[in-house]
Amino acid sequence: MFSTFVLRKDRNMAEEIILGIESSCDDTSAAVLRGETLLSNVMASQEVHRRYGGVVPELASRAHQQNIVPVVSQALDQAGVRPEQIDAIAYTRGPGLLGSLLVGVSFAKGLSLSINKPLVDVNHLQGHILSHFIRQEGKEYRCPQFPFLALLVSGGHSQIVRVDDPLHFEVLGRTIDDAVGEAFDKCAKLLGLGYPGGPIVDKLAAQGDPERFKFAKPHVPGLDYSFSGVKTSLLYFVRDRLKEDPDFMQHNMNDICASFQKTLIDVLMDKLLKAVKQTGIKQVAIGGGVSANSGLRNRIASEGEKRGWTTFIPEFKFTTDNAAMIAVAGLFKFRAGLTGGLDAAPVSRALDFK
Ligand code: KG4
Ligand code: ZN
């Protein structure tokens with residue numbers, strides 16, 4: 001199975017320097033690692049989408065084009081690394097928005113040609129999962145042992161993944177319709193809250209009663225998820241209550257948010273518990289944008305404590321899209337000799353891990 005050389009390199013060798021580039025959605029990011037240690041992680045978020053209530057792909061790729069050069073140079077400057085010192089360039093190949101990915105992929109290829117360094121293509125989802133392996137100077141290094149289970153929850157994906165080593169992933173369950181982040185965002189939109197909805201709902205939910213209202217939970221066999229029904233249940237709930245009282249939302253927003261957030265977390269946890277039972281694996285990590293949700297973080301921590309799991313909850317800065325996670329996933333592939341050529345095209349959908 002997994003050989004330790006991938007995780008821990010030969011101590012006599014100098015630690016590899018990896019430049020990571022992430023541009024799959026609306027954040028342009030570049031990071032530099034020496035071995036697993038993070039030297040820099042620069043991010044440029046795109047505010048332009050806020051007024052449209054969602055990411056506008058065309059605007060996203062244009063903003064990436066403006067941001068990519070300054071973001072990469074800043075990451076190198078902050079790390080104190082010159083381009084010729086880089087050992088490999090890791091970039092997000094997919095999944096994501098095609099136009100956005102194309103900017104990062106093209107930039108990585110151009111840089112690779114100009115400094116004559118190898119490329120490593122990274123699956124964005126593997127990046128989220130492997131973010132637990134980023135080492136930070138002055139902080140305790142705590143990462144999952146293999147095999148572990150990862151609950152991957154983002155705006156585009158909701159999956160339970162078995163991770164046997166940094167190169168071998170098996171998707172045990174996935175959503176058959178909306179991703180959980182999408183459910184947060186769509187519900188928030190329906191309630192007239194801003195975009196992205198997840199963080200706003202999280203904030204309001206913290207002041208509300210999660211037991212006050214009940215929303216329908218899906219019944220999907222196995223370890224797969226479904227979230228579109230929760231959104232529909234909320235839609236009917238709002239419609240019916242507004243008929244009775246036009247001010248209902250204003251007076252009950254915190255309780256509504258707390259209740260439907262709890263419903264989403266219950267659904268996530270039900271299948272995760274099932275996966276732990278089925279596999280017997282008690283090392284459990286979460287990752288992706290929704291792993292920033294305080295309700296989910298608390299719930300994973302408390303369930304873990306109750307059931308004797310070892311849980312891994314990422315720091316907030318590693319929950320959203322960032323290049324540090326791409327660099328660390330790239331590092332493992334680089335150590336295994338999995339470098340790629342200039343012919344790799346971006347992929348918008350990654351149905352499975354490779
Ligand atoms: O991983 P990510 O940054 O991008 C994708 O790869 O999709 O995830 C973005 C998603 C959005 O749907 C956003 O609403 C959600 O993560 N999100 C949250 C929170 N922070 C971000 N959802 C719930 N609670 C949060 N605190
Ligand atoms: Zn992501």
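The values are calculated or read from the model by the stated rules, or taken from the named source; none is laboratory data. For clarity, every value in this text was computed on a predicted model and none was experimentally measured. Here Cβ is always computed from backbone atoms with ideal geometry, including for glycine, and neighbour counts include all displayed protein chains. SASA here: full protein model, heavy atoms, side chains in, ligands and nucleic acids out. Shrake-Rupley method; radii C 1.70, N 1.55, O 1.52, S 1.80 Å.
With all protein chains in place and ligands, DNA and RNA left out, the 1.4 Å accessible area ranks Thr232, Thr92 as Thr232, Thr92, largest first. Whole-Hz Karplus values for region 246-252 come out as x, 9, 3, 4, 3, 7, 10 Hz, taken residue by residue from phi with 6.51 cos²θ - 1.76 cosθ + 1.60 and θ = phi - 60°; glycine and proline positions read x.
Positive end of the charge dipole of the chain (Lys, Arg +1 and Asp, Glu -1 on Cβ, about the Cα centre): tell me which of Ser45, Gly198, Ala108 has its Cα farthest that way. Of the options given, the answer is Gly198. Between Gly340, Gly138, Gly110, the residue with the greatest mean-square fluctuation in the GNM of the chain (Cα pairs under 10 Å linked by springs) is Gly138. Across region 158-173, rounded Karplus estimates of 3J(HN,Hα) from the backbone phi angles (6.51 cos²θ - 1.76 cosθ + 1.60, θ = phi - 60°) give 9, 9, 10, 10, 8, 10, 8, 6, x, 10, 10, 10, 10, 7, 8, x Hz, Gly and Pro being marked x. The count of lysine pairs in region 270-354 that are at least 8 places apart or cross chains, and whose C-alpha atoms lie under 21 Å apart, stands at 7. Kirkwood radius and radius of gyration were both taken over the C-alpha atoms of region 292-354, and their ratio Rg/Rh is 1.11.
Normalised by 2.2 N^0.38 Å, with N the number of residues, the alpha-carbon radius of gyration of region 109-171 equals 1.39. Peptides 272-283, 152-163 ranked from most to least packed, by the mean per-residue count of other Cβ atoms within 10 Å: 152-163, 272-283. Note on the chain: with a GNM built from Cα contacts shorter than 10 Å, the maximum mean-square fluctuation among Phe312, Phe248, Phe213 falls on Phe248.
By DSSP, the beta bridges lying fully in region 77-169 are antiparallel in about 60 percent of cases. One way to sum up the overall shape of region 1-133 is the equivalent ellipsoid from its Cα gyration tensor, whose semi-axes run 27, 16, 13 Å, largest first.
Annotation: extensible slack from Ala336 through Val69 equals 93.2 nm (criterion: 0.36 nm per residue apart, minus Cα-Cα distance).
Within region 184-258, the trypsin sites (Lys or Arg not before Pro) that combine a DSSP coil assignment with at most 13 other C-beta atoms in a 10 angstrom radius are Arg212, Lys214. For the chain, the solvent-accessible area with a 1.4 angstrom probe is 44 square angstrom per residue.
Bridging of Lys186 to aspartates and glutamates at a Cα separation below 15 Å is possible for Asp177, Asp178, Asp202, once same-chain residues fewer than 8 apart are set aside.
Projecting the Cα atoms of Leu272, Ser61, Ile129 onto the charge dipole of the chain (Cβ charges, centred on the Cα centre) puts Leu272 farthest toward the positive pole. Pairs of C-alpha atoms in the chain farther apart than 37 Å represent 19 percent of all such pairs. List the GluC sites (Glu not before Pro) within region 222-328 that DSSP assigns to loop and that have no more than 13 neighbouring Cβ atoms inside 10 Å. When the GluC sites (Glu not before Pro) of region 222-328 are filtered for loop state and at most 13 Cβ neighbours within 10 Å, Glu315 remain. The Rg/Rh ratio of region 186-252, with both radii computed over alpha carbons and Rh defined as the Kirkwood radius, is 0.99. What the phi angles of region 314-328 give under the Karplus curve with 6.51, -1.76 and 1.60, with θ = phi - 60°, is a coupling list of x, 4, 3, 5, 9, 7, 7, 4, 8, 7, 4, 5, 6, 5, 6 Hz, glycine and proline written as x. For region 270-326, the equivalent ellipsoid built from the Cα gyration tensor has semi-axes of 22, 12, 9 Å, listed from largest to smallest. Mean silhouette area of region 202-354, derived from the convex hull of its C-alpha atoms and averaged over all directions, reads 12.4 nm².
Mean projected area of the Cα convex hull of region 76-148, taken over all directions, amounts to 6.4 nm². Note on region 55-110: Kirkwood radius taken over Cα pairs, Stokes-Einstein applied at 10 °C and 1.306 mPa s, translational D equal to 130 µm² s⁻¹. For region 186-234 and region 288-347, what is the separation of their Cα centres, given in Å? Their Cα centres are 23 Å away from one another. Legend: calculated FRET efficiency, Ile115 to Met249, from the Cβ-Cβ distance at R0 = 56 Å, rounded to 0.05, equals 0.50. Computing FRET efficiency as 1/(1 + (r/R0)^6) for Leu242 and Ala344, where r is the C-beta to C-beta distance and R0 is 51 Å, gives about 0.50. Taken over the C-alpha atoms, region 97-139 has Rg and Dmax values of 13.7, 38 angstrom.
Stokes-Einstein diffusion coefficient for region 119-233 at 25 °C in a medium of 0.890 mPa s, Rh from the Kirkwood formula over Cα pairs: what value in µm²/s? Reported coefficient: 150 µm²/s.
Dipole magnitude for the chain: about 460 debye, using +1 per Lys or Arg Cβ and -1 per Asp or Glu Cβ, origin at the Cα centre. The label point for Gln207 and the one for Lys282, both projected 7 Å from the Cα toward the Cβ, are 4.0 nm apart.
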